[in-house]
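Trainee: Take this structure, written in structure tokens, and hold onto it; I'll ask about it next.
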Amino acid sequence: MEVLHHPSPVLRSRAREIDPSVDDDLRELIRAMATTMYDENGIGLAAPQVGVDKRVIVFDVDDNLAALCNPVITELGEEVVVEEEGCLSVPGIMVPVERARRVVCSGQTIEGREIMIEAEDLLARVLQHEIDHLDGIIILDRAPAEKRKELIKAYNEANRL
């Protein structure tokens, strides 16, 4: 699988929900996404980043590979933290992004079972980042307005666009 890069229009579309219990290709998609994520030295990957219109993410925080279907942030903690984020679809730059330090996320396993994850710190950030991809949002959209132009210029230079 190839990771799509900004400004690919696929990265700007909201991915469609799936029914994991009847999606015969889901296991193979998740395997391929995980392999691609590891090959690219990432810690998270959303299906739209590889051109697949499905609300599916894979992530690995602390050597714990996981996949979620139709994930939704159901609760954002009040404390927010600004940290630099990279993105496989926006290579070559780091973007300061404000995110909730703690989140609650609901979704489905690949078998279709409902699941809820309470996450803090890096895992909370990864979930928010990947769910953004499912909604057509990239880290450049989360950058402070006064810094966005500078980041886009740096991205274009780093990727010779």
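Trainee: For the stretch 126-161, give me each residue that is out of contact with any Ser or Thr (no Cβ under 8 Å at 6 or more places or on another chain), aliphatic (A, V, I, L, M) and crowded, with 17+ Cβ neighbours inside 10 Å. Let's see the steps before the verdict.
Mentor: In the first step, residues of the stretch 126-161 are kept if they are out of contact with any Ser or Thr (no Cβ under 8 Å at 6 or more places or on another chain); the result is 126-132, 134-135, 137, 139-161.
Pick out the ones that are also aliphatic (A, V, I, L, M) and you get 126-127, 131, 134, 137, 139-140, 143, 145, 151-152, 154, 158, 161.
The answer is 126, 127, 131, 134, 139, 140, 143, 151, 152.
Trainee: Could you list, ordered by first residue, the pairs with Cβ atoms under 8 Å in which the first is in the stretch 1-17 and in contact (Cβ under 8 Å) with a residue 24 or more places away in the chain and over 17 Å from residue 71 (Cβ atoms) and the second is in a loop (DSSP other than H, G, I, E, B) and polar (S, T, N, Q), at least 6 apart or interchain?
Mentor: The qualifying pairs are 3/89; 4/89; 5/89; 5/159; 6/89; 8/89; 11/89.
Trainee: Which ones in the stretch 76-96 are without any contact (Cβ under 8 Å) to a residue 60 or more places away in the chain and hydrophobic (A, V, I, L, M, F, W, C)?
Mentor: Across the stretch 76-96, the qualifying residues are 76, 80, 81, 82, 87, 94, 95.
Trainee: OK, next. Scan the stretch 5-47 residue by residue and report those that are in a loop (DSSP other than H, G, I, E, B) and crowded, with 17+ Cβ neighbours inside 10 Å.
Mentor: Taking the stretch 5-47 and keeping what is in a loop (DSSP other than H, G, I, E, B), we get 5-8, 13-25, 40-43.
Those that are in a loop (DSSP other than H, G, I, E, B) and crowded, with 17+ Cβ neighbours inside 10 Å: 5, 6, 15, 18, 20, 42, 43.
Trainee: So, in the stretch 48-103, exactly how many residues are touching a His at 6+ places or on another chain (Cβ under 7 Å) and assigned to a strand (DSSP E or B)?
Mentor: 1
Trainee: Considering each of 110, 57, 73 in turn, give the residue that is without any contact (Cβ under 8 Å) to a residue 60 or more places away in the chain and β-branched (Val, Ile, Thr).
Mentor: Numbers: 110 fails: without any contact (Cβ under 8 Å) to a residue 60 or more places away in the chain; 57 fails: without any contact (Cβ under 8 Å) to a residue 60 or more places away in the chain.
Step by step, each of 110, 57, 73 is checked, and only 73 is without any contact (Cβ under 8 Å) to a residue 60 or more places away in the chain and β-branched (Val, Ile, Thr).
Trainee: Can you list residue pairs whose Cβ atoms sit under 8 Å apart, with the first residue in the stretch 143-157 being among the small types (Gly, Ala, Ser) and the second being surrounded by 12 or more Cβ atoms within 10 Å (Cβ to Cβ)? Count only pairs 6 or more apart in sequence or on different chains.
Mentor: 143/95; 143/96; 143/97; 143/151; 154/92; 154/93
Here, each number is a calculation from the coordinates, and none is a lab measurement. In this text, all values refer to a predicted model and were calculated from it rather than measured experimentally. Backbone-built Cβ (ideal geometry, glycine too); neighbour counts: all protein chains shown.
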